[in-house]
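See below for the structure under consideration.
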Amino acid sequence: MNGLPGDRMISFITSNKGKYVEARAIIDDLVQRDLGYTEIQAETLEEVAVYGMKEIMARIDGPAMLEDAGLFVTALGGFPGVYSAYVQKTIGNAGMLRLMEGISDRRASFMSVVAYVEPGLEIQMFRGMVEGQIGYEARGSAGFGYDPIFYVGDRSLAEMNLEEKNRISHRAAAMHALKEWLEAR
Ligand code: ITT
């Protein structure tokens, strides 16, 4: 139940099945649609999400959301941040671990920015964050992306099941904020 007239499903515009599965565990009425959109080069996740959403709004007319997420490593000045997808695709987790060699400050955070829209409404933004550390090795096989090298406490996110990750993750926090907003109106 999302409070929408006729209870229409919300399209989650993403190519990433893992993101969809995590979000769907929090908001039932989601369908994944891999429509693709331009991810501009910008300095903030917000700018990327808003630009993408405007493009999507011109193409579909029902309720829709998309999410831009990023890994921000303190000792690297916030890198890879808005470049997280590119860095994951190019050097991957092994490359990130190499970049962190000799660095003792392992602090990092994941941020999630969710943009939501439905006909007649302005774009609504929701944010979530989780703080953790870049480990010294990749561990675990659950989740996706940087999960095996991002640790919260003594476990990587890839060593947690969906429910455990969703108790603490950036995405879960943003999705809960969206859910509360949907239910409150
Ligand atoms: P869409 O843009 O199609 O939604 P994407 O995988 O490109 O899918 P993002 O741009 O938001 O999604 O993600 C940036 C990168 O950060 C990408 O490489 C993801 O795999 C990674 N990432 C995002 N959320 C993550 C999470 O919860 N755990 C691990 N890695 C994550």
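Here the mean projected area of the convex hull built on the C-alpha positions of region 60-122 is 5.4 nm².
Shape summary of region 139-178, radius of gyration then Dmax from alpha carbon positions: 9.9, 31 Å.
Building the convex hull from the alpha-carbon atoms of region 1-82 and averaging its projection over directions returns 6.1 nm². Here's the picture: charge each Lys and Arg Cβ at +1 and each Asp and Glu Cβ at -1 in the chain, and of GLY70, SER156, LEU178 the one pushed furthest to the positive end of that dipole is SER156. Backbone amide hydrogens, once placed in the peptide plane, bring PHE12 within less than 5 Å of VAL31, GLN32, ARG33, MET65, excluding anything fewer than 5 places away on its chain. Applying 1/(1 + (r/R0)^6) with r as the Cβ-Cβ distance of HIS176 and ARG59 and R0 = 22 angstrom yields a FRET efficiency of 0.20. If R0 is 30 Å, the Cβ-Cβ spacing of THR74 and ARG98 corresponds to a FRET efficiency of close to 0.95. The mean sequence separation of alpha-carbon pairs under 8 Å and at least six residues apart, normalised by the residue count of region 91-185, gives a relative contact order of 27 percent. Fully extending the segment from PHE144 to LYS89, taken as 0.36 nm per residue of separation minus the present Cα-Cα distance, adds 18.6 nm. Given in Å, the Rg to one decimal and the Dmax to the nearest whole number for the Cα atoms of region 7-156 are 16.2, 53. Note on region 102-178 and region 6-75: Cα centroid distance 15 Å, given to the nearest whole angstrom. For GLY78, the residues whose amide H sits under 5 Å from its own are VAL73, ignoring neighbours fewer than 5 places away on the same chain, with H placed 1.01 Å from N.
Coordinate-derived values only; no laboratory data. Nothing here was measured: the structure is a model prediction, and the numbers come from that model. As a convention, Cβ positions derive from the backbone with ideal geometry for all residues, glycine included, and neighbour counts pool all protein chains shown.
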